[in-house]
Every structure is written in structure tokens, then in C-alpha cells.
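Chemist: One structure coming up, written as C-alpha cells, with questions to follow.
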Amino acid sequence: MKITKNLFHAGVLGLSLLATGVMAAVPAAEADKLGKSLTPMGAEMAGNADGSIPAWKPLPKNAGSVDSKGFLSDPYPGEKPLFTITAQNVDQYKEKLAPGQYAMFKRYPETFKMPVYPSHRGATVPDDVFAAIKKNATNTKLVSGGNGLENFETAIPFPIPKSGVEVIWNHITRYRGGSVTRLVTQATPQPNGSFSLVYFQDQFVFRDKMKDYDPANPGNILFYFKQKVTAPARLAGGVLLVHETLDQVKEPRSAWVYNAGQRRVRRAPQVSYDGPGTAADGLRTSDNLDMYNGAPDRYDWKLEGKKEMYIASDAYKLDDPKLKYTDIIKAGHINQDLARYELRRVWHVVATLKEGQRHIYAKRDFYIDEDTWQAAVIDHYDGRNQLWRVAEAHAENYYDKQVPWYALETLYDLQSGRYLALGMKNEEKSAYDFGFTATTSDFTPAALRQEGVR
């Protein structure tokens, strides 16, 4: 991998800081680069030398139209692929692919492809979030050996990261609109492509968007998450509630489930790490949701640097409400004709399971988009150090709300030939609804029974 000189030094500095136990924020002079040579979120403002990656140019809120359901039109209409990577020509592009992406061409040589389009760097967030990020740069510090944060506000604690775990915290805490309700589906196709859907109704609220949030006493909660299964009938009415904490060593994540058949609420400590994902047929772990979530304490995190890579971006075609789910879900992988890849700069972080810790993934390779801090690709290795699962996120900028997020998450099991696709909403009655209000009483175990009425 090619690592630029300044990024190499940043990685080395981060490792030395971890070795000495110093978890310092950056000085004001360095934070002053934000909005100048760096974007307000910490990416390189300029494009690359040959222009194949452009300079950052945020999308305006009116970049396209919004239909009555809240679905967005493609702000880059009419663009065609510059070229398409196939199993026949993949070796000439291998240096700009993750090992997992490369493995997909070998696993599905007849059908897997990557249409590569012109690159756009349009991701942006509201001005008050930018201001919080700049404040975090000089104030936020790691605690509990890197497993928690202090002096953190809103989003992105480390826009100028010095270590791998700081990059991961940026992904975990990144801005997702503050609060959102959404109706999404999950498919776990058989190797022949047959599938059934699980339907979810999600509510997701960061602490500072709660109506009763007290900034003078923020506490240890990062966000609240509630997920109700609405179909199929055998699963309908089940509800998951999560209180995600900033320092999960000091105070582990709290989770509860409501079982509609038993009509009871119970604690759910298994909703963390490699506990089974909800209704996922064994194809994802709890910490596979949102590509990666939860406490980072079971892994050692190494910052490898930054590289140029083809990642799934601007997935408006894949999120088109005119599509049926059968148009997307195919045997082995999603319909790659609907995908769009662009050349971007990504942070590469390697997570290695600590000695004495347990997880079904012994190693994970993370590739994090520099513009959004979202994980774009994560390669998962088993205990034999064999590449096992490949996670790929198809990102979309919800430009009308200034929210970078995902249109679809995929997790491919190279060994079984099956995969999971999560987040499809094409056939649902509405797209994401950002900005809903709630109080902490809406996210208590006592509220679950009410949520779970069929």
C-alpha cells in the first residue's frame, strides 16, 4: 500500500501515543487546518494529483428533487461508467481494491462486476455539526485505554486522527441526522437467490437530540436505538431496545428485547460483539450492524494509513423507489448493474483480536471513507486467518438533510455462498424521516410492551 509521507508520520505518532498511554487532543494550530487544507470533517480538501479524485465540493440541499415519499433523485443524472471492473480485467485494478472485493471476483467470476463512475465528493453536514467537530478536535480525549471518550460533542471526536482506534470512534459517532425513523428490510438469500424479507421499523436518536437532554449533565449515553420487527408474522411484534454508551468499559451497552409471544421484556446482554444479529439467519453478528458498532475493547487497532480505493458511492440508482426488491437481490450478491463505484481516499485500519479475548472474527480490515468517516468495506477473517466475510456499504448523501449515510449494507459469506442485504426501502411507504423528537421515557424498558403490540 502506498502511504503518503505525512500520513505515515501521523500513523507512527498515533502508535507512539498509544504506547505511552497519552491520549491527547490535537493542538489549536493543527485544528485550524479544518476548513482550510482539510475539510471541516478532516478529509484532504484537495483532489489527487491526476484529478481522478476531485477536490471536496459539498452538495447543496437542492441538488436534486425529493418525491412525496422522501426519496431523492440522482444529483448526477446521465453519467455513465468510465469503465467496468470484471473478473477478466480485475488484476489491473487490484491495487485499488480491498482483498475482500478482489475475492468477490474470484468467487463469482461470471456475475460480479464493479461499474466505476466519475468521482464526486459531495458529503456535508450542517454548520453546527462542523463547529462541534472543530471543538472536539482540541477537546475530546480517549479514556479507558481508548475504549471511551470524554469532552465529546455531537459527532466526529477526532477529525485529525493519530491512531486506528480514533478513526473507528469517528465511524461510531459520525453524524446521522441526529434522529431518524425508518422502515427498512433485510434479506438473507440462499445460494440460488431465493429469499424472504424481514421488515424493521427503526428509531435512532443521539443524546443531544432528546427533548430532555441536559448539556450540563450529558451522562454516558451516546444514542438510543429501538427496532421493531413488523413482518413476517412469526417475528412481528418483537422489539429491541439499546442504550449505547460512550465508555462501554465503565458502563457496558444496555439492551432489552420484548418477545411478543411471551409478552415480556427481558435483558439482552447477547446484543453486542459477536452475539447473533436480529433475524439474520446467522449471517451477521450484533456488531456487524451499521458495518461496525459497539465497544472497541476486544481488538488492537492499527492505523495503516490512507490509500486510494474504489468504493460504492452515490447509490441513488440502487435506492430508486421504482425498483422492486427482486430487482436488487440476486444469487451470490446484489445486482451489481445497479451499483456505482467511485475512486476515493480511505483510511485503512486493521483490528486484531486481543490475546485472551473472544470473537468469531479474529481480524478485521476496515476501509473508512475520508469524507464521511463511514466504513465503506470491512474484510472479516476467521480464527484460521482465512478471509471469511466481506462487508460493503453502498453510501448515499441525503443532501436535502445534509446527512451522509448508507442506502444498503451487504455482508457476503465467501464460504457458504450466502449473504445479507440490510437497509432496502425501495418498496416502502416512505424513505428516512430525519428530525423526529423524543424523550428518554420513550426509550425505557417499560415502553417496549407498548411498542410490541401486534
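Chemist: Using θ = phi - 60° and the Karplus curve 6.51 cos²θ - 1.76 cosθ + 1.60, what whole-Hz ³J(HN,Hα) does each residue of region 77-84 get, with Gly and Pro shown as x?
Modeler: x, x, 5, 10, x, 5, 6, 10
Chemist: State the Cα centre-to-centre distance between region 262-301 and region 339-383 in whole Å.
Modeler: Cα centres, region 262-301 to region 339-383: 17 Å.
Chemist: Run lengths n ≥ 4 of DSSP H only: what is the helix-derived mean residue ellipticity at 222 nm for the chain, with -39500 (n - 2.57) per run over all residues, to the nearest 500?
Modeler: Mean residue ellipticity, 222 nm, calculated: -4000 deg cm²/dmol.
Chemist: Checking the table LYS80/LYS162; LYS307/LYS363; LYS113/LYS226; LYS162/LYS228 against a 27 Å threshold on Cα-Cα, which pairs fail?
Modeler: Numbers: LYS80/LYS162 38 Å; LYS307/LYS363 20 Å; LYS113/LYS226 36 Å; LYS162/LYS228 38 Å.
Exceeds cut-off: LYS80/LYS162; LYS113/LYS226; LYS162/LYS228.
Chemist: All other residues with a Cβ under 9 Å from the Cβ of ARG182 taken together, and with Lys, Arg as +1 and Asp, Glu as -1, what is their net charge?
Modeler: Values: positive: LYS425; negative: ASP202, GLU428, ASP433.
Residues near ARG182 contribute -2 overall.
Chemist: Same structure, new question: ASP127 to LYS36: FRET efficiency via 1/(1 + (r/R0)^6), r the Cβ-Cβ distance, R0 22 Å, to the nearest 0.05?
Modeler: Efficiency, rounded to the nearest 0.05: 0.85.
Chemist: For SER119, list long-range residues whose amide hydrogen, built 1.01 Å from N in the peptide plane, is under 5 Å from its own amide hydrogen.
Modeler: Answer set, sorted by chain and number: LEU343.
Chemist: Moving on to the next point. Kindly provide the pair-distance distribution of region 316-454 built from C-alpha pairs, with 10 Å bins from 0 and whole-percent values in order of increasing distance.
Modeler: 10, 29, 31, 25, 5
Chemist: Amide H neighbours of TYR406 under 5 Å, counting only residues 5+ apart in sequence or on other chains, H built in-plane at 1.01 Å?
Modeler: Under 5 Å from the amide H of TYR406: GLU396.
Chemist: Follow-up question, since we're still on this one. So which trypsin sites (Lys or Arg not before Pro) in region 328-382 are both in a DSSP loop and have at most 11 other Cβ atoms within 10 Å of their Cβ?
Modeler: Answer by residue number: ARG358.
Chemist: Report the residues of region 200-216 in range of a label on ASP433: point 7 Å along Cα→C-beta, backbone N strictly under 16 Å from it.
Modeler: 200-205
Chemist: Please report, as a whole percent, how much of the solvent-accessible surface of region 91-189 comes from carbon and sulfur atoms (probe radius 1.4 Å). Don't jump to the answer; show the numbers that get you there.
Modeler: Numbers: 1380 of 3040 Å².
Here it works out to 45 percent.
Chemist: Now for a different question. Between [x] 23.1, 82; [y] 21.8, 72; [z] 20.8, 61, which matches Rg and Dmax of the Cα atoms in Å calculated for the structure shown?
Modeler: Only one listed value fits the structure, namely [z].
Chemist: Something else now. What is the list of residues in region 283-326 whose amide nitrogen lies under 18 Å from a point 7 angstrom out from the Cα of ALA49, following Cα to Cβ?
Modeler: 306-309, by backbone N distance to the label point.
Chemist: How do SER179, SER430, SER68 rank by accessible surface area computed with a 1.4 Å probe, from largest to smallest?
Modeler: SER68, SER430, SER179
Chemist: With every protein chain kept in place and ligands, DNA and RNA left out, what is the accessible area per residue of the chain? Probe 1.4 Å, answer in Å².
Modeler: Ligands and nucleic acids excluded, the result is 40 Å² per residue.
Chemist: Filter the GluC sites (Glu not before Pro) in region 343-422 to those in DSSP coil with at most 11 other Cβ atoms within 10 Å of their Cβ, and list the result.
Modeler: GLU355
Chemist: In what order, largest first, do THR352, THR285 sit by accessible area if the probe radius is 1.4 Å?
Modeler: If we order THR352, THR285 from most to least accessible, we get THR352, THR285.
Chemist: May I pose another question? According to a simple spin-label model (label point 7 Å from Cα along Cα-to-Cβ), what is the distance in nm between ILE360 and GLN270?
Modeler: Label-label distance for GLN270 and ILE360, simple model: 1.2 nm.
Chemist: Which trypsin sites (Lys or Arg not before Pro) does region 419-450 hold that lie in a coil by DSSP with at most 16 other beta carbons within 10 Å?
Modeler: LYS429
Chemist: Another question, if that's okay. Enter the per residue convex hull volume of region 52-139, computed from alpha-carbon coordinates, in Å³ rounded to the nearest integer.
Modeler: 195
The values are calculated or read from the model by the stated rules, or taken from the named source; none is laboratory data. Here the structure is a predicted model, which is why all the values come from computation and not from measurement. Please note: Cβ atoms are built from the backbone with ideal geometry, for glycine as well, and neighbour counts cover all protein chains shown. Each accessible area value is taken on the protein alone, full model and side chains, heavy atoms only, with ligands, DNA and RNA left out. Shrake-Rupley method; radii C 1.70, N 1.55, O 1.52, S 1.80 Å.
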